[in-house]
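Report on the following structure.
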Amino acid sequence: AESAAERASAPPSLTGWALVRDEINMKKMEDEDENMAETDEKLSKALAGALEEQDEVEDEYIQYEDESDTEDDAMKNNIVEAQEKLAMIDWSQFQVTSHVCKFLKTGD
C-alpha cells in the first residue's frame, strides 16, 4: 500500500517509447535554440551591414543634393538671363498671323 501511495505522490515519469520521444524532443529544442542563436547572430551582422550601407547611401545623397543645389542655382541664373533678354525684345516689330489673332480673340 505504501509503494502505491509513494508512486501516486511522486511526479509522473516516462518509460519506454515515451522517454525516447521526450529525449528526441529535448534534442530538437536544443538544436532549435542553437539555430536561433546562429540566426540571431546572422541577422545582427546583416543589420549592422545594412545600417553602414544606409549611412553610405545617405552620404552620397547629401553629396548629390549639394550638386543638385548647384545645378538649381545655375538653372535660376539661366532663367534670369532669358527673362532679361525677353525684356530687351522690340515688341513693335512682332507680327502674328490672322489665325493667331482669331484664336486670341475667340479662344478656340
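From the list E67, E53, E38, pick out the single residue that is part of a helix (DSSP H, G or I) and modelled with pLDDT under 80. Walk me through it before giving the result.
Numbers: E53 fails: modelled with pLDDT under 80; E38 fails: modelled with pLDDT under 80.
When all the criteria are applied, what remains is E67.
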Worksheet entry | Number of the condition not met by Q95 [criteria: (1) at pLDDT below 75; (2) open to solvent by 90 Å² or more (accessible area, probe 1.4 Å)] | (1)
Worksheet item: So which pairs qualify, if the first residue must be in segment 89-108 and assigned to a helix (DSSP H, G or I), the second must be open to solvent by 90 Å² or more (accessible area, probe 1.4 Å), the Cβ gap must be under 8 Å, and the two must be at least 6 apart or on different chains?
Response: none
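The values are calculated or read from the model by the stated rules, or taken from the named source; none is laboratory data. Not measured: the values here are computed from a predicted model. Glycine gets a Cβ as well: all are built from the backbone with ideal geometry, and neighbour counts include every protein chain shown. Accessible surface areas use protein heavy atoms only, side chains included; no ligands, DNA or RNA. Shrake-Rupley method; radii C 1.70, N 1.55, O 1.52, S 1.80 Å.
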